[in-house]
Structures are given as structure tokens and as C-alpha cells.
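The values are calculated or read from the model by the stated rules, or taken from the named source; none is laboratory data. Quick caveat: nothing in here was measured; it's all calculated off a predicted structure. Counting neighbours? That spans all protein chains shown, and the Cβs are built from the backbone with ideal geometry, glycine included.
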């Protein structure tokens, strides 16, 4: 059974699992005319598009750290422009251009699935005969829970869109949709996606190894 959750509850309800997570890209895209990104030692902004302000700031801060670990100057969007929304593009663009930002890495949750698997444990029947055995007892035990309870397992699957923009060219260079199973928390999810994105960009020769 799959339960599709409403996205506003994404990072508050979906990232509470205690299980280990694994992130993989289910699909990717690369601009056929893209050239290697010159992000090393340059300012690159981390943008995480979720509506919850506190979680957005925490996620952008973590992504900015991961960008910095990989050789660029990671900056969170909220630190450059705290009031960033979809309606103030001119002001945000002016702020980034004034700071000399060369690129933006965007992460946007697009869906969350809660998968619940129920497994009934079937034990060997204790009545080998129908007459004088199962017939009478079968009616008496009908609809009972039986000797064992079903096994219930719940898994959370988070789908995130990751986009890499070159602001020097003002165009999308690379994009991918990832699938993460049972993320531990926001920080763990960002770390995994940053690592997976780095590998994908290296494979496409968009950044150095």
C-alpha cells in the first residue's frame, strides 16, 4: 500500500525514520552543449525550495557546506537574500550579480511516498481432518487474529529534483531526479544528494575529480 503525503509536511513528517538511507538518481539530463563548470573557488549559491522557512534555512546551510567541501565558496540563498520568494527575482538577481555568484545548485522536493507492507504469517494448520476436526473449530475461530500478529513495515521514499545552473551563461547545465529510501534526517539527505550529484557531474566531465 502506498500513501502519498502532502508536500508541505515533507521535511517534518518524512525525515523521521531511523533506518539507513540510500540515494540514487532515477533520471538525469545534461545540456548537450555544456562545457566544464568553473566553480572551483567561486561563489555558488545553495537553494532549497521548501515553504517551511526554518527547514529551508537549515537545508540551504547544509548544502552550502557540502558545496564548500568540494572546493567552491558555498553560500546559502537565505544568507544573501533573506526575503527570497518567487516574486522578487529582480532584487535577488541584482544581489547575486553584485556578489559575483557563478552558479546555483537547487534542490526541490517533488514527492514523498509512505510505503506500508503488511505480511501475514501463515502457520502450519493444526487440523488435518475436515469432519471431526477443522469444521467445528473453523467456525469458532473465524475472523480471529490467530496465533500470530501480522508483520508491518513502513518505508519512506523521498523524491528530489536537483538542478545545476551556470549564472555566467544563465542556463541549466545539468538536472536529475533522485530517490532516497528512509532518509535519517535533513542533513543526511542533503549530504547524500550532494555526494550523488558530485559523482554525476564528474561522470559527465562537468567538474574535475
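Taking the conditions exactly as written (under 13 Å from the mean Cα position of the chain (by Cα), modelled with pLDDT of 90 or more, under 14 Å from residue 163 (Cα atoms) and crowded, with 21+ Cβ neighbours inside 10 Å), does residue 48 satisfy them or not? Yes. With (1) more than 29 Å from residue 42 (Cα to Cα); (2) at pLDDT 90 or above as the list, and residue 137 as the residue in question, which single condition is left unmet? Only one criterion is unmet by residue 137, namely (2).
In region 163-197, the qualifying residues are those that are surrounded by fewer than 17 Cβ atoms within 10 Å (Cβ to Cβ) and more than 13 Å from the chain's Cα centre (by Cα), and the one that is nearest to residue 29 (Cα to Cα) is 172.
Among the numbered conditions (1) over 27 Å from residue 169 (Cβ atoms); (2) surrounded by fewer than 18 Cβ atoms within 10 Å (Cβ to Cβ); (3) touching a residue at least 60 places away in the same chain (Cβ under 8 Å), the only one that residue 40 does not meet is (1). Just wondering, is there one or more residues in region 145-162 that are surrounded by fewer than 13 Cβ atoms within 10 Å (Cβ to Cβ), modelled with pLDDT of 90 or more and either in contact with a strand residue (DSSP E or B) (Cβ under 7 Å, 6 or more places away or on another chain) or under 20 Å from residue 50 (Cβ atoms) (or both)? Within region 145-162, not a single residue is surrounded by fewer than 13 Cβ atoms within 10 Å (Cβ to Cβ), modelled with pLDDT of 90 or more and either in contact with a strand residue (DSSP E or B) (Cβ under 7 Å, 6 or more places away or on another chain) or under 20 Å from residue 50 (Cβ atoms) (or both). Looking at region 71-92 only, could you name the residues that are surrounded by fewer than 18 Cβ atoms within 10 Å (Cβ to Cβ) and modelled with pLDDT of 90 or more? Once the filter is applied, which keeps residues that are surrounded by fewer than 18 Cβ atoms within 10 Å (Cβ to Cβ) and modelled with pLDDT of 90 or more, region 71-92 yields 71, 79.
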